[in-house]
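This report concerns only the one structure given below.
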Amino acid sequence: MKKTNVLDKNSDLNSILNTHFKGKLNLARTKFIAMFIIALCKVQTVNFDKLSNAFDTTAKAGSSLRRIQRFIARFTFDYNIISRLIFNLLPSK
């Protein structure tokens with residue numbers, strides 16, 4: 001079994017999200033969601049300050065924190081799309 005680093009996980013998750021959200025979300029949003037999910041797995045908390053430090057980006061933590069805040073404040077998820085994504089990721093049996 002091949003060991004994967006965070007960049008591989010991020011690109012794998014990006015490709016899955018891009019395929020699923022094609023035409024529904026722009027690339028910047030799907031990249032953000034991928035970073036957000038990976039950061040959640042790393043820090044295992046929803047504290048935005050800690051999440052912003054866990055983002056794998058060259059941006060400062062303060063910029064990432066503001067990005068998280070703007071996303072949460074302004075973006076509305078289509079729950080039908082999210083539920084389809086979750087069910088597509090589940091094993092078929």
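The values are calculated or read from the model by the stated rules, or taken from the named source; none is laboratory data. As the structure is a computational prediction, the values presented were derived from the model and not from experiment. Don't worry about glycine lacking a Cβ; one is built from the backbone with ideal geometry, like all the others, and counts go over all protein chains shown.
Would you be able to say whether some residue in segment 12-34 is without any contact (Cβ under 8 Å) to a residue 24 or more places away in the chain, more than 21 Å from I86 (Cα to Cα) and among the acidic types (D, E)? No, the conditions are met nowhere in segment 12-34. Note on segment 9-30: residues that are out of contact with any helix residue (DSSP H, G or I) (no Cβ under 6 Å at 6 or more places or on another chain), surrounded by 14 or more Cβ atoms within 10 Å (Cβ to Cβ) and under 15 Å from F75 (Cα atoms) amount to 2.
Scanning segment 47-86 for residues that are exposed (fewer than 14 other Cβ atoms within 10 Å of the Cβ), among the basic types (K, R) and over 20 Å from L13 (Cβ atoms) returns K60, R70, R74.
Being within 15 Å of the chain's Cα centre (by Cα) and modelled with pLDDT of 90 or more is the requirement here; does F21 meet it?
On the way: within 15 Å of the chain's Cα centre (by Cα): yes; modelled with pLDDT of 90 or more: no.
In short, no.
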